[in-house]
Amino acid sequence: MSENYESFAAIAVFKELYDQNKDVYDIIAALCIEIIRKNNLTTFTLPEITNLINSTYNFGLKDPIVKTGLKRLKIKRKSGYYTPDISVYEYQEDDIIDIQIRRNEILLNNLYDFIQDRMEHILSAQEKEIVKQQFFEYLVDDESDKEYGNLINQYVLSITMKDEYIDTLKKIKEGLLIYDGIRYSGNINELGRWNTELNIFLEQEILFYIAGFNGEIHKELYWDLLKYIREINHNLPPEKRLIKLWYNQDVKDEIDSYFHAAERIVCNGELMDPSKKPMMYILDSAHSKSDVIQKKIQFFKLLEMNGIKLFKYDYYSSDNYKYSILDEKVYFKAQERIGDKDENIIHKSCNKINCIEILRKGENSGFDNIKYILLTSNGTILKLCRDDLFCKYGDVPKATTIDFLINKFWFKLNKGFGEGNSPKTLDMVAKARVALAFLTNSKVEKIYDEIKEDYKNNKIGKEEAVALIAELRSYSKTPDEVDETTIDEEIDKLSQYEVEKRVNEIKREEIEREHDKKQILKLSNELEQLKRTQEKEREKEEISREKREKELLGFIEESKKHNEELNGIIIELKEREEQRKIQEEIRTKKRKKIIRLVLVILGIIAFSIGLYLVFLLEKSISGIVSIVIGVLFEYKPIVEFVRGEKL
C-alpha cells in the first residue's frame, strides 16, 4: 500500500462509518458511492471500479470484496456491467474524506514544526516529503528504524494531551485495522467466529513480556492476545482447541541459560548488561541462587497456567528434510541482506524461520490455511521472514508481530470499538513508549558491549567497568519508564557516549572526589577541634553557671532567713502594739471612771452644799426631803454614769 493523504483519509473514514453502526458491507458501499460520484460513472465493470478505488486511495482490495459492497447498493448489473440509478448521484452525506484529509494535513504540519524545533533546521520540501512518507509507513507497520523514526516517536509522545491530534491518529490506526481485516479475510461473511486451527510459537522475549519482565505496557499488550485466544477456545477441550500456544526447545534452552546467567551474577558478582530489563527484574530482591531458581519455577508455572507448553518435535528427522529451505547459500545471502549482525544471530534466526517452514510442509498461502506461525518482536527474524529468501509472493510470512495477530483476532471476532473492546495495539502513545524504550536499550546494549570488550582486553579495570555499567542502568528503560520530558535528552547523551572519554571523566571525577575527601577530612578535623573547644567552653560555662546558681541559692536562703527575722520582728511589734492598745484602753477606762467618780463626788459635795443652803434659806426640813426624794428617783442613771454605761 503506497500511502498518501487520500489513502489515510479513506482509512480513517472506515472508523467513522464503523462508529455509525455500519458493517463491512456498508463501508465498501460508501467507498463505491464516493468513487461513482467523483468520477461521474454511468456504467462500469467490477474490475473497473475496484481499480478506481485502489488507485484513488492506494488500496489493495480485491474484486470479491468490492462486489459485496455493490450488492448492498442494489445497483443493477447486466452482462457484467453495473448501471447506478439517480439515487446514487443524489446521495447526500458530508464529505468526511475531505474533512479527514484536512485533519491529516494539520497533523503533519504539526509534526514538521516539531521536527524543525528539535533539529533546529528548516525542512525543505523534499525533506518534508520524506517525513510524510516515513510517518505514514510508521502508522502502517510501526517501523521506526528510519531517518526520522526516533523523532516521530517523540512527537507521538509529545501530543499525549492534545486530544484532536490523538483522535486523528486513533482514527487512522483503527481504520487500518478494519482495512487489513477486509483485505486479508478469506470470507467476510464469517465474521464473529474463528474456525481454523492455528499454532502460535512464542519466542523468549514474548514469554518474558507475558510474565511482566519488561513492564506493564508490554504485559497488557500480550494479555490482550491471551484474552482473544481464551474467547476462541472457550468451552473447547484441550485437544480440540483451535488456537494453541507453544515454545520450542531452543527457546527453553535460551530461558534456562538466561536464568543460569542470573544465578552467576548473584553468586559470583559477574557484570550485568544494564540493557536487559528482564534480567534486572529477575535479580530484583534476589539475594541467592535459590531466589533465582524460585523465580524460574514461578515463571514456568505462569506459562503452564496460560496453556503455553513446550513443543516436542524432531525438526531434523529424515521425513522433514525435504521441507527444509536452509543451506549454506541461504545463510550467506541472509548475512548479506541483514548486514552487520553477528553471524550466530543470523543462523539462529534462519533456523527459527525454517522450523515453521517444516511444520507448514509447504502450505504458505492463505492465513486460514497455514496452521503454524512464529510470534516475535525480534527485528532480524521479522526482516528475514519477509525477504524473498523465505517468503514468496503471496505467501504468509513464517513470523509475525503481536499487532498483526491481535488485529486479526479482533476483526475476525467482530469485536467493535466499544469500551474495553479496542485492542491495545491501537494505543499509539504506548507504541511510541515501546519504540523509544527499545531505542535507548539498544544504545545501552551497544555501549555495554564496548565496555565488556575493553574490560576483557584490560583497557579498563573492574571498578571502572562497574561504575560505567551502574551509570548505564539509569538509561535502561521499560516502556512504562519512558518520560516524554527527558527522553530526547537521554537519547542524545547515549548517542554521544564514548567509553574512553567517560573513563577519563570518571578518573578525573575520582581525583576530584579524592581531593574533596581530603578537604572534607580537613574540614571535619577543624570542625572536631571547634567542637572540642566549644565543649570546653561549655564545661567552663557550666561550672560558672553552677557556681552562680549556688551563690544565688545561698543569697536566696539568706534572704529567706532575713525575711523570717523581719516577719518575726513585725509580728512582735504588732503584738506589742496590740498590747499597748489594750493597756491604753484599760488606762483610758480607768481614767474615765475616776473622772466620773470625781464628778459624782463633786456632785455630791455640790448637792450637799445646795441642801445646806436650802436649809439655811428656808429653815425648813421638808424642802430638803423633797430634793432627796427626787435624787433617789434618779439613782439608777447616776450609777450607770459612774460605771461608764450609756444612758
Taking every Cα atom in region 477-577, find the radius of gyration and the maximum pairwise distance Dmax, and write them in Å. 36.6, 109
Rolling a 1.4 Å sphere over the protein heavy atoms, what is the accessible area per residue of the chain, to the nearest Å²? 58 Å²
With θ set to phi - 60° and the Karplus curve 6.51 cos²θ - 1.76 cosθ + 1.60, what are the ³J(HN,Hα) couplings of region 379-388 in order, to the nearest whole Hz, using x for Gly and Pro? x, 5, 5, 5, 5, 5, 5, 9, 6, 5
With LYS296 itself left out, Lys, Arg at +1 and Asp, Glu at -1 over residues whose Cβ is under 12 Å from its Cβ give +1
Report for the chain the percent antiparallel among DSSP-assigned beta bridges with both residues inside it, nearest 5. 30 percent
Output ³J(HN,Hα) for region 122-130: one whole-Hz value per residue in order, computed from phi by the Karplus curve 6.51 cos²θ - 1.76 cosθ + 1.60 with θ = phi - 60°, and x for Gly and Pro. 7, 6, 7, 4, 5, 5, 5, 5, 5
State to the nearest 20 debye the size of the charge dipole of the chain about its Cα centre, where the only charges are +1 on K and R beta carbons and -1 on D and E beta carbons. 3340 debye
Calc'd 3J(HN,Hα), region 560-571, phi into Karplus 6.51 cos²θ - 1.76 cosθ + 1.60 (θ = phi - 60°), Hz, glycine/Pro = x, comes to 4, 4, 4, 5, 5, 4, 4, 4, x, 5, 4, 4
Counting pairs of Cα atoms in the chain, how many percent are more than 36 Å apart? 60 percent
Give the long-range amide H neighbours of PHE44: residues separated by 5 or more places, or on another chain, with amide H under 5 Å away, using H modelled in the peptide plane at 1.01 Å from N. TYR82
Report the charge-dipole magnitude of region 483-528 in Debye, nearest 20, computed about the Cα centre from +1 at each Lys and Arg Cβ and -1 at each Asp and Glu Cβ. 480 debye
Sequence ranges 525-532, 236-243, ranked by mean other-Cβ count within 10 angstrom, highest first: 236-243, 525-532
If the only charges are +1 at each Lys and Arg Cβ and -1 at each Asp and Glu Cβ, what is the size of the charge dipole of region 452-547 around the Cα centre, to the nearest 20 debye? 780 debye
Of TYR82, LEU523, LEU617, whose Cα points farthest to the positive end of the dipole of the chain (charges on the beta-carbon: +1 Lys, Arg; -1 Asp, Glu; origin at the Cα centre)? LEU617
Per the helix-only model, the chain has a calculated mean residue ellipticity at 222 nm (DSSP H runs of ≥4, -39500 (n - 2.57) each, divided over all residues, rounded to the nearest 500) of -23000 deg cm²/dmol
What is the set of long-range amide H partners of ILE243 at a cut-off below 5 Å, with H atoms built 1.01 Å from backbone N? LEU198
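The values are calculated or read from the model by the stated rules, or taken from the named source; none is laboratory data. As the structure is a computational prediction, the values presented were derived from the model and not from experiment. Counting neighbours? That spans all protein chains shown, and the Cβs are built from the backbone with ideal geometry, glycine included. Please note that ligands, DNA and RNA were not included when accessible areas were found on the heavy atoms of the full protein model with its side chains. Shrake-Rupley method; radii C 1.70, N 1.55, O 1.52, S 1.80 Å.
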